[in-house]
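This report refers to the structure that appears directly beneath it.
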Amino acid sequence: MSKARQLADLGDDFDGTNLTLSGGVYLGGTGSANKLDDVETGTFTPNFGGASGNPTVTFVNQQGYYRKVGDLVFVQVRMTLSSASGGSGSLKIDGLPFTPVADAVLSVTRLQKLSINVSASGPIGILAGVNFVYYNSNTTGIHSVLPTSALTNSTSINFSGCYAVA
Amino acid sequence: MLTEETVQDKIEIVGDYKHVQVRSAVVIKRDGAEISRSFSRHVVAPDADITGESTEVQAICNAVHTQAVKDAYAAHLASQEV
């Protein structure tokens, strides 16, 4: 089949500038591992939660951005509080745009103004099958999950990273 | 004339615990023709409060978040030991 015919077969999917495919495209091979079938960009609303009870918080910034390419999602989160109270249990960050299929870690780029001293930033832990993450501190030489009581009226956290989805 | 509407244009059920992934689209139209579509997403877990969800999402959650699924999800959370 000629290239011209192949392009013609695309029909209304190709408007001269943009190509729209409801299926996918194979890159570098014809196996399922070479197929790219989804790209999407959007926003989500991250939030602080507690494993045993959610804190009451007010945000100055509450921003989540994602880009999904195939089965990999890149997220960026920025949250800054103006008030925080209550909550119990491990501190969670709720609101992921997609549910992870495997455990992973995300990098924390900035974490400020907690009620406890965090000597070194640990990773954000993503757990398979749940749509929230935990922040792992490094206050005692081993990574442990922060409690909700670590939040203050001006806590700020930025993080980003990738995780796999179904 | 420009119009704006928000629609839930994709609702997916994923994983062992039947998380309901909801995509909301803000659609801008000029004289009826779509000129822009932007997305935001959220996920409804089996233990989530669904009172603020749309009627359609509530119906789906009620159908797939059975007591067995809720129990399995609770056990999964407990197994994470965090």
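Checking each residue in region A:110-125 for being more than 11 Å from chain B (Cβ to nearest Cβ), part of a strand (DSSP E or B) and at pLDDT 70 or above picks out A:Arg110, A:Leu111, A:Gln112, A:Ile124. Taking the conditions exactly as written (within 14 Å of another protein chain (Cβ to nearest Cβ) and without any contact (Cβ under 8 Å) to a residue 60 or more places away in the chain), does A:Gly53 satisfy them or not? So A:Gly53 fails the test.
This table checks each residue for (1) within 14 Å of chain B (Cβ to nearest Cβ); (2) among the small types (Gly, Ala, Ser).
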residue	(1), (2)
A:Ser22	yes, yes
A:Asn34	no, no
A:Val57	no, no
A:Tyr66	yes, no
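In region B:29-52 there is at least one residue that is more than 12 Å from chain A (Cβ to nearest Cβ), charged (D, E, K, R), in contact (Cβ under 8 Å) with a residue 12 or more places away in the chain and in contact with a Leu (Cβ under 6 Å, 6 or more places away or on another chain).
Residues of region B:3-22 include at least one that is more than 18 Å from the chain's Cα centre (by Cα) and over 27 Å from B:His76 (Cα atoms). When you check A:Gly87 against the structure, is it buried (at least 18 other Cβ atoms within 10 Å of the Cβ), farther than 20 Å from A:Glu40 by Cβ and at pLDDT 90 or above, yes or no? Against the criterion (buried (at least 18 other Cβ atoms within 10 Å of the Cβ), farther than 20 Å from A:Glu40 by Cβ and at pLDDT 90 or above), A:Gly87 qualifies. Taking the residues in region B:5-18 that are modelled with pLDDT of 95 or more and not basic (Lys, Arg) as candidates, determine which candidate is farthest from A:Pro100 (Cα to Cα). Going through the qualifying residues, I end up with B:Glu5. Considering only residues in region B:20-41 that are basic (Lys, Arg) and closer than 24 Å to A:Gln76 by Cβ, the one that is surrounded by the most Cβ atoms within 10 Å (Cβ to Cβ) turns out to be B:Arg41. For region B:42-82, the set of residues classified as surrounded by 13 or more Cβ atoms within 10 Å (Cβ to Cβ) and among the polar types (S, T, N, Q) consists of B:Ser54, B:Gln58, B:Gln80, listed by residue number. If I filter region B:9-21 for residues that are free of Cβ contacts under 8 Å to residues at least 40 places away in the same chain, of a type in the set (Phe, Trp, Tyr) and within 13 Å of another protein chain (Cβ to nearest Cβ), do I get at least one hit? No, there is no match, as no residue in region B:9-21 is free of Cβ contacts under 8 Å to residues at least 40 places away in the same chain, of a type in the set (Phe, Trp, Tyr) and within 13 Å of another protein chain (Cβ to nearest Cβ).
The values are calculated or read from the model by the stated rules, or taken from the named source; none is laboratory data. Everything numeric in this text was worked out from a predicted model, so none of it was measured. We place every Cβ from the backbone using ideal geometry, glycine too, and count neighbours over all the protein chains shown.
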